[in-house]
Each structure stands twice: as structure tokens, then as C-alpha cells.
Amino acid sequence: MLELIDYMPVQWDCHLVRELRCVSGEAEVAMNCQPRFEYGRDPAEVEERDGEVMLRGADLWLRLTGTAPMTGGEGAATCDLQMRAGESHTFVLTHTQVGGDFAPLPDLHSSREQCAAWWREWIAQCTYEGPWQDAVRRSLITLKALIYAPTGALIAAATTSLPEVPGGSANWDYRYTWPRDAALVFDVLLRSGFPHEEEEWRDWLLRAVRRSDCELKTLYTIDGEVCASEREIDWLPGYGGARPVRVGNAAGDQFQLDLRGEVIDMLHLVRKEGQAMNPEIWDLQCHLLRLLEDEWDKPDTGIWESRDALRHYTHSKVFAWAAFARSIHDAQAYGKEAPLEKWRRLRDAIKEDVLANATHVRDNHFVRFYGDDEVDAALLMIPLLGFLPPDDPRVVATVREIERRHCSAEGFVYRNPTTDFTGEEGAFLLCTYWLADYYMIAGEHAKAKNLFETLLGVRNDLGLLAEEYDPVNKILLGNFPQSFSHLSLIKSALLIGAHQKVEFSGDGDD
């Protein structure tokens, strides 16, 4: 029997270590390291040097070192082993920029235990003590692993172009930082006992906004650069034949109205947790609100990043309302200088606009955008944000319509009506957690707990989640692992585990 262990020493982010151990009997092992650069198009240039194998690409160099002799040639490093019980071998893959020096090799006798000890020490800071500790800790570790340590940026997922529809074309590159996603992630990290990560993200946010001409863009690179380009990699067949494979994300050039409210809501929550903030953060918040003064009544692409016509999405308007409501509260609660009367007028104008234009004339439920007849799973944020209380008749009607038109028998929530998408696009895990949260704040505690535990059951054997889940074929869909899904698991566990009803937050003047 052969045991295989992979890890990256935390203090050396340029090394990937693979250990092979023959636990019992004998094992024949064929090792083949065959990197292909430019997304599989270009083979490596190979050179053997002092027992190591160099594998060079146009933009990246790799070095493979091992405790067993290797052969280099034809774009690969290979090694054939006949192992017996008690024997072990280790291989270390190291990267550097073209022409750069390779970092020294880690001490292989101690690096694995040091790596495990670092993660044990990190997760020991977790303050969650509810009934689902293992699931919450696994998700916290996953979110930490999605943070780029040199800048504090968090990527939405570690992959590109894993399909949302099997064999389809809804394949996107998620290896970027969405301020919306990051704001939600760092909120749950802070509330779970990890203030350092949240502080690093605030510093990253300030740098990113400065670099984008004091705008807040939809998405950034991990270095805080604006990304709006997108290209298709036509030489790759895609996962399960799903094409195209995309690199980059054109959503970076979209106008998403909710984004400013998402970030400001997170800053509001940070203040409630008692965290000190750089004075520049309030300056940034006021700057975003000045932009929002002129933007709130404009159509946008919405949270689902529609590539069709711009529309007045209800979810986006509600977050514009939240931006002003939260800022009014914070200015009063923390003694911040602010044009409160102007903000109150704008807050009230947005709310009146939503109530007048986003409600179905006949059925009294909210609609996904002005003039539409359909509900949208994102409307669950109306009570969760405190725009209206959970027992408001319009909210209740909206939730019942979502249950009727967007839910599977098990309670999984689709972004689109199930009559159109069941068995194709998966149920959206984020939206399903939102529904569980709504049940909780509406006092339906048993329903909230049951749905949450149903969601726990779709994690894979490592406790990881993708963006979507297909309850028909019992498979995860979309990019993986997905920060949105893991942050939602933690947030719901914090809410449902506490078994308390969240108070209606109102308009920010109390």
C-alpha cells in the first residue's frame, strides 16, 4: 500500500512537496512531471543539472528535485521506482520567474510537521463554538488558503472554466478578487476570530481603489490591478467538453450597483465588532457615497453579472439603500463627519423607488428587476439586510414564490425557475444558504436547521464546495473550491447555531 502526501511549506510559498511512502507490501511507482505552459499549449524546455531537472517555459521556470534519480527529456522529468514497506521518497517542485534564482530547498525532515503545526495554530484562533465545528473550521481553512498572502487579496475560486452547465458555455475565470465576495468573506473571518486577515484586506482595498482612479471596480487581480480583459483558449477541450475555456473576466468592466453597498455594509459590521480603522477608510466610504448619489437610479448588470441589457435590478437598489442606511448609522454612532440630511434624503428616495417599482402589481411579491414578473433568489437579501422585516407581507410573498418557482424538493435554490433549469444549471449554494438564513430570522428554526444540514451533506469527501450543486445528478458544478459557498456555510452556522432571531435593522437612524 502506498501513501501519498502533498503540501506547501507555509514559509516557502514557491515549493510544492510530494512525499511517497510504502506502508506495506511492495509498490511500483512511475513518476512523470510534464508541465505545459500557456495553458497546456507549450512544452517545457528540459535540462538535467546536478541531479535536478529544470523545466523552463517562456514566463516561468520550474525545478524538480527528488531523493530518487530522475531522467529529463521530451518536456518531462520521469522516475520509475520499486518501493518496499518502510521506504519513502520525496520530490520538490519549485518555481521562479524567468532568469530568477530558485529559493533554497526546505528542510524535508521538519517542513511537513512545521506546515501542519502552522495550520493547527492558525485554526486554533477560531472562536466558533456551535454544533458544526468541523464544517466551519474546514471552510475557514479553505478561505484562508484562497487568500494571496503577499497582498491579502482573496480569490473567488482557484479554477477557471469549470462549467456551471455540464458541457455548456457558462464557463468563467474566477481566479480574481471580487470586492463583493471579499467583503463577505472577511466579515465572517472577523466574526470567527481572525481580525488580522480582515485588516490586511482593508489595506488591499485602499491600494486597489487608488490604482483604479479612486473607483471601485467589479474585480481585480490579486495585486490590486484592474482586470477587464477576457480571452478564449481554443486549444483546450474544456472540462467534460465544456467550451470555451476562458482566461480573464470581462465582468471587470461591468457596472454593478450593489458593489458599493456590499463593501460599505462590511465596513459597518467591522465597526460593530469594535475594530479600529484607518481614517482613510471613512474617506473612501464617503467618496463611494458621492459616486452613489449619481448612480443609484441607473440600470446595471446585477449580482449575476448579466451580459445582456442593463436593467434596474431590485437587489442592486436595495444595496444602494443599505450603503446610505449603514453610513448614517455609523456617522451617528461613531461621531463621523457626514452630510446626514443629504444621506437621509437619498436613503428614503431609494426605498420609495424600490417599493413603487419593484413589486408585482397583482401578486404583491418583489420582482428581480423593474417591470419584470419573475422573482430572483437574490431578493432574499431584502429581509437579510433589514430593508424590510421578515414578516412583511411582500417579503413573505416573495419567499413563497421563490420556494414555488426556484426550489428543488430538497430545498436547494436555483437562480432561475426550476422548470427551465433543473438538471442543467445547478442550484446555487449561496442562495440556498440565504434561504436557510431567512427561515432563521423569520423564526422557522427547525426549517433553517434542516436546510443547513442538507447543505452540509453535499460537501465532497474533503469538506469542499463548488459554486453550484445539481440535486438531480448529485454532483457539484462550477469553479472550485468557491469562496462564496464556504463563507455562506460559516455565516449560516454563526446565525443558526446561535439559535437567535436577528432584529430588523431598519433605516439606520436608531
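Any read-out appearing in this document is the output of simple, stated calculations on the displayed coordinates, not a laboratory observation. Given the structure is predicted, the values throughout are model-derived calculations rather than measurements. Cβ coordinates were reconstructed from backbone atoms using ideal geometry, including for glycine residues, and neighbour counts include every protein chain displayed.
Only one residue of Val188, Thr218, Pro244 has its Cα farthest out toward the positive end of the dipole of the chain, where Lys and Arg carry +1 and Asp and Glu -1 on Cβ, and that residue is Val188.
Once the Cβ-Cβ distance of Ala116 and Leu355 is raised to the sixth power relative to R0 = 60 Å, the FRET efficiency obtained is 0.65.
Spin-label model, Glu38/His196: points 7 Å from Cα along the beta carbon direction are separated by 4.1 nm.
Which value, in debye to the nearest 20, gives the size of the charge dipole of region 2-98 about its Cα centre, when Lys and Arg are +1 and Asp and Glu are -1 at the Cβ?
Working: 8 positive and 17 negative charges, 24 e Å.
The calculated dipole for region 2-98 is roughly 120 debye.
So if I place +1 on the C-beta of Lys and Arg and -1 on the C-beta of Asp and Glu, and nothing else carries charge, what would the dipole magnitude of the chain be about its Cα centre? I want it in debye, nearest 20.
On the way: 52 positive and 83 negative charges, 161 e Å.
Taking the Cα centre of the chain as origin, the dipole is about 780 debye.
Computed from Cα positions, the angle between helix 314-333 and the longest principal axis of the chain comes to roughly 80 degrees. Taking Cα atoms only, the orientation of helix 340-357 departs from the longest principal axis of the chain by about 90 degrees.
Put simply, the amide H of Asp173, placed in the peptide plane, has neighbours under 5 Å in Ser161, leaving out anything fewer than 5 places away on its chain. Stretching the chain fully between Glu374 and Phe255 yields a gain of 40.6 nm (0.36 nm per residue, less the alpha carbon separation). Ratio of Rg to Rh for region 124-498: 0.94 [Cα atoms; Kirkwood radius as inverse mean 1/r over pairs]. Give the calculated FRET efficiency between Ala124 and Arg210 to the nearest 0.05, with a Förster radius of 35 Å applied to their Cβ-Cβ distance. Efficiency at R0 = 35 Å is approximately 0.50. How many angstrom separate the Cα center of region 114-176 from the Cα center of region 318-345? Here the two parts' Cα centres lie 33 Å apart.
For the pairs Lys144/Lys298; Lys336/Lys449; Lys217/Lys272; Lys217/Lys491, flag any whose C-alpha to C-alpha distance is greater than 31 Å.
On the way: Lys144/Lys298 36 Å; Lys336/Lys449 39 Å; Lys217/Lys272 26 Å; Lys217/Lys491 25 Å.
Flagged as over cut-off: Lys144/Lys298; Lys336/Lys449.
Label sites at Leu291 and Asp80, each approximated as a point 7 angstrom past Cα along Cα to Cβ, lie 6.1 nm apart.
Going by average Cβ neighbours within 10 Å, how do the peptides 477-484, 49-56 rank, with the highest at the top?
Values: 477-484: 24.2, 49-56: 15.6.
Output ranking for 477-484, 49-56: 477-484, 49-56.
Using just its DSSP H runs of length 4 or more, each adding -39500 (n - 2.57), the chain gives a mean residue ellipticity at 222 nm of -12000 deg cm²/dmol after division by all residues.
Find how much the distance from Ala498 to Phe102 grows on full extension, using 0.36 nm per residue of separation minus their present alpha carbon separation; answer in nm with one decimal.
On the way: separation 396, 0.36 × 396 = 142.56 nm, distance 4.90 nm.
Taking 0.36 nm per residue and subtracting the Cα distance, the gain is 137.7 nm.
With R₀ set to 22 Å, the beta-carbon distance separating Arg404 from Ala446 gives a calculated FRET efficiency near 0.60.
3J(HN,Hα) couplings calculated from phi for region 168-177 with the Karplus curve 6.51 cos²θ - 1.76 cosθ + 1.60 (θ = phi - 60°) are, in sequence order, x, 10, 7, 10, 10, 8, 9, 8, 9, 9 Hz; Gly and Pro show x. Projection of the Cα convex hull of region 1-88, averaged over all directions and equal to a quarter of that hull's surface, yields 6.5 nm². For the pair Ser169 and Trp235, label points projected 7 Å from Cα toward Cβ lie 2.3 nm apart.
Placing a label point 7 Å from the Cα of Ser88 along the Cα-to-Cβ direction, the residues of region 103-124 with a backbone N closer than 20 Å are 105-120.
Under 5 Å from the amide H of Val245 lie the amide H atoms of Ile233, each residue being 5 or more positions distant or on a separate chain, with H modelled from the backbone and absent for Pro and chain starts.
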